[in-house]
Amino acid sequence: MSTIRLLDVAGLFHPTWRVKESAGRPIGEAAAETVQVLRERAAAGGADYVVACCDSGRCFRHDIALEYRATDPDYRGYKGNRPERDAALIAALDRVIDNLEQDGVPVFRAPGFEADDILATLATWATAQGHDVEIVSDDKDLRALVCASMTLTVDDEPVQHGGVSVVKRDGEVIGPADVKAKFGVEPHQMAEYLAMVGDMSDHIKGIPGIGETKAAAMLSTYGTFVAIYEAAEKDAEYVAECECKLALAREEKVRPLPTFAKPKFQNATRGAILASRALFDISLRLTRLRTDVPVDLAAVTAPRVPKPRDMGFDVAMSENDNASANEEEDDIMTPSESQPLPPMGQ
């Protein structure tokens, strides 16, 4: 069984950029550090194939998120609470991608989709083919893809199904048990979990009054939001019935007044769930990863072909090479001691 390593370029670049920005460091430092990490992870042993996945501008989620404005006219849009990306940041990210292409790493993009959707598509395809998958990223959304390898029975024949793990930039490996320990839910429940609690970084609305602990507890108990909603409906009917019987007993001056079993949900929680079905449906369409992105799957296992190196676009160039670059590039990029990867064969 071979292993396919998927690199989430933006998922490693943007956290580094935010750290450098808060420290007042040049954007180029984030680019150089990202290239170094990507090259280290790509060159690390254990992978037979390496692929990089990138965003490609506006995606379908921007249109879905506009549905929030039906109840919140001031909603600023998908990822609308993030600062505007300036030209220097975009140029730095482009140079990171160019360096990967110079190393011969295939770079996947798909108009209208995010890198997360491409990663989900490749991971779903690869595991079905029997490959193991490592996703190099710090993005919590990708925890939804984590799964263990297993043997399935198809037409009475054993078929090996690969597993998926996430490797963070510091090398920490995230498996199914780690997702459960961190978030309190199974990996396949992550999309619904995020739709319930919301995601501030992507400007995705959660259910008001439902925090991480409560969402995890309800999903662990009922399995899905649909089951939670149905239980809340039945609970509301039970509470209404109890109140009716209690009112009748008071009217007839029955003593002692009847007692009833405690409802399954607190009033505020039940009310929030029942009032937020439409809100949840919008959020789930935003948090759920697509696995049908049209990409060239054959390119995943094709031989690597390095792109001709343009030193003006190499964030890993030496001090002497950097001195020959123009001043505008110096403002964007900074040198790094990392070296290009040797071409990887099949």
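Reachable lysines from Lys245, Cα under 19 Å, same-chain residues fewer than 8 places away excluded?
Lys245 reaches Lys234, Lys253, Lys262, Lys264.
Quickly estimate the mean residue ellipticity at 222 nm for the chain, helices only: each DSSP H run with n ≥ 4 gives -39500 (n - 2.57), and the total goes over all residues, rounded to 500.
My calculation for the chain gives -13500 deg cm²/dmol from helical runs alone.
With axes computed from alpha carbons, what is the tilt in degrees of helix 115-128 against the longest principal axis of the chain, rounded to the nearest 10 within 0 to 90?
Computed tilt is about 90 degrees.
Along the three principal axes, how long is the stretch 195-260 when you take its alpha carbons, biggest first, rounded to the nearest angstrom?
56, 21, 16
Say each of Tyr229 and Asn267 gets a label point 7 Å from the Cα, pointing the same way as Cα to Cβ; how far apart are those two points in nm?
2.5 nm
Starting from the Cα of Lys214, step 7 Å along the direction of its Cβ; do the same at Arg285; then give the gap between the two resulting points in nm.
The modelled label-to-label distance comes out at 2.6 nm.
Magnitude of the Cβ-charge dipole of the chain, K/R +1 and D/E -1, about the Cα centre, nearest 20 debye?
In total the dipole reaches around 1660 debye.
For the chain, what % of the accessible area comes from carbon and sulfur atoms, probe 1.4 Å?
Ligands and nucleic acids excluded, carbon and sulfur reach 52 percent.
Name the residue farthest towards the positive end of the dipole of the chain from the options Val167, Ala148, Leu89, assuming +1 on Cβ of Lys and Arg, -1 on Cβ of Asp and Glu, about the Cα centre.
Farthest towards the positive pole: Ala148.
Using 7 Å Cα-to-Cβ label points, what is the Asp72/Arg58 separation (nm, one decimal)?
Result for the modelled spin labels: 2.1 nm.
Using a 1.4 angstrom probe, figure out how much accessible area the stretch 212-283 has per residue, in square angstrom, rounded to the nearest whole.
I get 65 Å² per residue for this part.
Pulled fully out, how much extra length does the chain show between Glu84 and Ala247, if you take 0.36 nm times their separation in residues and subtract their Cα-Cα distance?
Length difference between fully extended and current span is 52.9 nm.
Among the aspartates and glutamates, which fall within straight-line cross-link reach of Lys214, defined as a Cα-Cα distance under 16 Å, with same-chain neighbours fewer than 8 residues apart omitted?
Leaving aside aspartates and glutamates fewer than 8 places away in the same chain, those within reach of Lys214 are Glu186, Glu192, Asp199.
Ignoring ligands and nucleic acids, what accessible area does Asp281 show with a 1.4 Å probe (Å², nearest 10)?
Here the accessible area works out near 60 Å².
So what is the relative contact order of the stretch 229-309, in percent, for Cα pairs below 8 Å that sit 6 or more residues apart?
Dividing the mean separation by the residue count of the stretch 229-309 yields 34 percent.
Using a Gaussian network for the chain with springs between C-alpha atoms less than 10 Å apart, which of these wobbles most: Leu279, Leu66, Leu246?
The residue with the greatest mean-square fluctuation here is Leu246.
Ignoring ligands and nucleic acids, what accessible area does Tyr229 show with a 1.4 Å probe (Å², nearest 10)?
Surface open to solvent at Tyr229 totals about 40 Å².
Throw me the Rg/Rh for the chain, computed over C-alpha atoms with Kirkwood Rh, two decimals.
1.09
Report the percentage of all Cα-Cα pairs in the stretch 83-187 whose separation exceeds 20 Å, rounded to a whole percent.
53 percent
Can you give the convex hull volume per residue for the Cα atoms of the stretch 1-141, as a whole number of Å³?
124 Å³
Write down the accessible area per residue of the stretch 29-74 in Å², having rolled a 1.4 Å probe over the full set of protein chains.
Result: 42 Å² per residue.
Of the residues Ser201, Ser283, Ser137, which exhibits the maximal mean-square fluctuation in a Gaussian network model of the chain defined by a 10 Å Cα contact cut-off?
Answer for the Gaussian network model of the chain: Ser201.
In the Gaussian network model of the chain, springs joining C-alpha atoms below 10 Å, which of Pro26, Pro306, Pro263 carries the largest mean-square fluctuation?
Pro263
Could you give the length gained on full extension between Arg277 and Lys307, defined as 0.36 nm per residue of separation minus the Cα-Cα distance, in nm?
Additional length available on full extension: 5.9 nm.
For the full complex of protein chains and a 1.4 angstrom probe, list Thr301, Thr16, Thr124, Thr221 by accessible area with the highest value first.
Thr221, Thr124, Thr301, Thr16
Take every Cα pair under 8 Å in the chain that's 6+ residues apart, average their separations, divide by the length, and report that relative contact order as a whole percent.
Relative CO of the chain lands at 24 percent.
The values are calculated or read from the model by the stated rules, or taken from the named source; none is laboratory data. Source: prediction; values computed, not measured. Heads up, the Cβs are rebuilt from the backbone with ideal geometry, glycines too, and the neighbour counts pull from every protein chain shown. Surface areas here come from the heavy atoms of the whole protein model, side chains and all, with no ligands, DNA or RNA. Shrake-Rupley method; radii C 1.70, N 1.55, O 1.52, S 1.80 Å.
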